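The values are calculated or read from the model by the stated rules, or taken from the named source; none is laboratory data. Everything quoted here is computed from the prediction, not taken from an experiment. Positions of Cβ are backbone-derived with ideal geometry, glycine not excepted, and every protein chain shown enters the neighbour counts. Accessible surface is based on the protein model in full, side chains and every heavy atom, while ligands, DNA and RNA are left aside. Shrake-Rupley method; radii C 1.70, N 1.55, O 1.52, S 1.80 Å.
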Amino acid sequence: MSEIKIVRNTAPKQKPDENNLVFGKYFTDHMFEMDWNQQQGWHDARIVPYGPLELSPACTCLHYGQETFEGMKAYRNPHGEIYLFRPMENFKRLNRSNERLCIPQIDEEFALKALLELIKMDKDWVPHTEGTSLYIRPFVIGTEPSLGAHSSSEYKFLIIMCPVGAYYATGLNPVSIFVENEYVRAVRGGMGFAKTGGNYAASLKAQDVAAEEGFSQVLWLDGVERKYIEEVGAMNVFFVLGDEVVTPALQGSILPGITRKSVIELLSSWGYKVSERRLSVDELLEAYKKGNFTEMFGSGTAAVISPVGLLRYKDIDMKLSDGKIGELSQRLYDELTGIQWGKCPDPFGWTMKVE
Ligand code: PLP
Ligand code: COI
């Protein structure tokens, strides 16, 4: 399959104010769509006006959550050119999620080609204002109209896009996070490593409770011993413990973040000792008491580098970096966004030009 049919939107929308972009609310004029069935495989690739889908109310994604998705961004550099950040990592991860959810593999090269076409069509939607970007959401849904609880015999792959500013309303100001003690998000052998709606549905309750108490997100503990740190709702986490930077190892229950991978590569290139290992909440408390736990931040496409100013475990408040942006968080934010927005050299070859 190589052809992408194009149906232009004859009624383009007015673009939102770039200085007041709420995350994930305004969508561009076009979207990419293709279908899968057993006879034809993936077929009928097309870019069409952004709009509602026609689905049977019985389709599998609506009842049994057979769905996978990705989150990536396109950035405009100071010369007005548009770049993607490590896009193939996202399509590879989408296929790993697809494998877990019994969804047919997509052709990663073709998905990238379709994305480049789509961005070129909606290039005026890539915002120019400092700190903004175009958020890209590829996703796959099971569409077979059947209430039998089995994998679907029909799918749709779509890509939608929206101009965004900061994910957290606080911007780069530190967020407050609550260590979740009651609910769990995922267990090893489950689907925590996959980017699929069910993981997010599982996390809503705890997030609501945390929000009522004034916290932005929850920090998940492992689902078996409720002892080891996992990740936050929409980001991976890093802790500065003395001269070691620690992030939980990938053992199947957390998302292998592309920002996480990039942070590890950056820190290693700067000579930091980075450990991907098990980290218990008790170890964290001990280190805090000794003054050895000094900084914490989250990493993610939407969240970028997000400093944490307060971490609460039961009734213990760990206040970090004087409630300000930690030194390492700031350096990582500057370097990573410098590469993404094309303001710094890209020694790792992470960016890809769209046009
Ligand atoms: N963990 C979860 C649960 C996420 O939703 C995300 C966001 O995609 C991340 C981590 C960070 O992953 P990435 O850096 O690839 O965006
Ligand atoms: C992303 O960072 O791309 C994500 O998918 C997080 C999402 C929950 C907004």
Name the residues in segment 68-104 that are in contact (Cβ under 8 Å) with a residue 40 or more places away in the chain, more than 14 Å from ligand 1 (Cβ to nearest atom) and open to solvent by 40 Å² or more (accessible area, probe 1.4 Å), would you? Pro78, His79, Glu81, Tyr83, Arg100, Cys102
For Glu182, which of the numbered conditions (1) of a type outside the set (Phe, Trp, Tyr); (2) surrounded by 20 or more Cβ atoms within 10 Å (Cβ to Cβ); (3) not in a strand (DSSP E or B) fails to hold? (2)
Taking into account only those residues within segment 105-117 that are part of a loop (DSSP other than H, G, I, E, B) and in contact (Cβ under 8 Å) with a residue 60 or more places away in the chain, which is surrounded by the most Cβ atoms within 10 Å (Cβ to Cβ)? Ile106
Considering residues of segment 45-91 that are small (Gly, Ala, Ser) and in a loop (DSSP other than H, G, I, E, B) only, the residue nearest to Tyr135 (Cα to Cα): Gly71
Quick one: is Phe239 among the aromatic types (Phe, Trp, Tyr) and within 16 Å of ligand 2 (Cβ to nearest atom)? no
Per the filter on segment 299-355, residues open to solvent by 50 Å² or more (accessible area, probe 1.4 Å) and among the aromatic types (Phe, Trp, Tyr) are Tyr333, Phe348
Yes or no: Phe157 outside the structural domain of Ser253 (by TED's automatic domain parsing), assigned to a helix (DSSP H, G or I), within 26 Å of Asn37 (Cβ to Cβ) and aromatic (Phe, Trp, Tyr)? no
Considering each residue of segment 300-341, count those that are among the polar types (S, T, N, Q) and over 30 Å from Glu70 (Cα atoms), and give that number. 1
Kindly establish whether Thr10 is under 23 Å from the mean Cα position of the chain (by Cα), part of a loop (DSSP other than H, G, I, E, B), in the same structural domain as Gly148 (by TED's automatic domain parsing) and more than 16 Å from ligand 2 (Cβ to nearest atom). no
